[in-house]
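Accompanying notes for the structure given below.
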Amino acid sequence: MKLIFDIALSHIRARRRQTLVSTAGVMMGVGFSIAIAALLEGSQRDFLTRIVDYLPHVVVKDEYREPPVQPSRLANPLAAVFVRGIRPHDEERGLKDPMAKVRALEEIPGARVAPALRTQIFLRYGGKDVAVAAMGVEPQRERLTSRLELDMTAGSLMALETGANGIIIGVGLARKLGVEMNGILTAVSAAGVSMKMKVVGMYRTGIVTLDESEIYMLLKKAQILAARPNVVSQIRLRLDEPTEAVEVAQAIEARWGYKTESWQEANEGFLSFFTVRNFVMYATVSAILIVASFGIFNIVSTVVFEKTRDIAILKSMGFDPGDIRAVFLVEGLVVGIIGTLLGWGLGWALCQGLAQVRFEIKLVTEVQGFLLYYTWVHYAVAGLVAAVSATLASWLPARKASRVNPVEIIRGAA
């Protein structure tokens, strides 16, 4: 085996320029694949972390997943009945006996529960009207089910209880309205109820849609604004194990029938987008490494062409076809390994450089720089693909070399 390795190294050293180009190709492929993977997975994990940390893991809503079955269908389930111009009864929205449900949900191991009323209102300040979603909450329970208190940049969550008609708004909404702490706004609901509200707190989650369009107030104040006394439209749960949200949501919906969403279902569109993006990312990374392997194919093919007479001599000395294949496979593998090691260093350097870049953009979330996720898996996957590509790239030339007929080569040379 040592002799095979020595022959392979001598071939590589004999064509230094091609070897350097092939090694550089593998290095660039591995390095940039690591940087791209770290960049894309970093942004994905940051988004999911913000969603899981800020939003409730399970939400019980005052609606049903499927519309109720019509009486005509109930009366004649097997009949061919067609009803035209159906107008459903106007029903008061809201969860029935919400506090009993809250107490029942609190028995779920690892669950914190909070009732809430979500309603749409207009905030008026300085001649500006902005439509927002108002969340009526109980501060003592809300602090257990969301990280609103941790995201406060001014004021406090408990100020809702101590202040008269207090509200907490996002910094994005405050900037849009031009209001500051302790500012007085006018809140107007769809029911025509108007109320003066005082800004007692501001928060910043980094999720643009929340920071610019959602406010918090006491549950009782939201019920007065919406003209829905004692009504609760949501029960929000936070779990010790967010991954169990789907199972918990299904169990709650099966028990009471109300539509119950897990955080995975609420963000299904984004999760599907990330799945497609990951597929595209790994396909692109693999394509980069495969293209880099063509350099290895080129150098091994050239060596086989130039060393045909040497191959014939080796076979006449007793080297079997397997030994000849091994020589050229080792050549490709050595170039692949060296390129991979250098690519790991390049990938680390690119990640460090990208981490220093600072900018500020607002998409779904606020981003102030490249978000990177470091893991040995990226290095292992890039190295494995590079090694496999290098081996496959050298296989065809190696196979051709092993089939050289020494008699014809030596007779032709003579």
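Would you check if I313 is outside any strand (DSSP E or B) and either at pLDDT 75 or above or buried (at least 20 other Cβ atoms within 10 Å of the Cβ) (or both)? No: the conditions fail for I313. Pairs linking a residue in segment 97-120 that is surrounded by 16 or more Cβ atoms within 10 Å (Cβ to Cβ) to a residue that is among the aromatic types (F, W, Y), with Cβ atoms under 8 Å and 6 or more positions apart or on different chains, are K101/W256.
Of all residue pairs spaced 6 or more apart or on separate chains, none has beta-carbon atoms under 9 Å together with a first member in segment 22-35 that is outside the structural domain of V335 (by TED's automatic domain parsing) and assigned to a helix (DSSP H, G or I) and a second member that is of a type in the set (A, V, I, L, M) and surrounded by fewer than 24 Cβ atoms within 10 Å (Cβ to Cβ).
Of everything in segment 162-197, what is part of a helix (DSSP H, G or I) and either among the hydrophobic types (A, V, I, L, M, F, W, C) or outside the structural domain of K128 (by TED's automatic domain parsing) (or both)? Give them in sequence order. Walk me through it before giving the result.
Let us first name the residues in segment 162-197 that are part of a helix (DSSP H, G or I), namely 162, 171-177.
Passing the criteria: V171, L173, A174, L177.
Number of residues in segment 236-253 that are of a type in the set (A, V, I, L, M) and either surrounded by fewer than 19 Cβ atoms within 10 Å (Cβ to Cβ) or assigned by TED's automatic domain parsing to the domain that holds P98 (or both) equals 2. In this structure, L55 does satisfy being closer than 28 Å to R204 by Cα and either modelled with pLDDT of 70 or more or assigned by TED's automatic domain parsing to the domain that holds S194 (or both). Just one of the listed residues (L341, L372, L354) is of a type outside the set (G, A, S), modelled with pLDDT of 75 or more and in contact with a Cys (Cβ under 6 Å, 6 or more places away or on another chain), namely L372.
Within segment 131-153, the residues that satisfy the criterion of being part of a strand (DSSP E or B) and surrounded by 18 or more Cβ atoms within 10 Å (Cβ to Cβ) are V132, A134, M135, G136, V137. The strands (runs of 3 or more DSSP E) located wholly in segment 201-297 that include 2 or more residues which are in contact (Cβ under 8 Å) with a residue 60 or more places away in the chain and more than 27 Å from D151 (Cα to Cα) occupy 258-262.
The values are calculated or read from the model by the stated rules, or taken from the named source; none is laboratory data. Note that the structure is predicted; figures quoted are calculated from it, not measured. For neighbour counting, all protein chains shown are included, and Cβ atoms are generated from backbone atoms with ideal geometry for every residue, glycine included.
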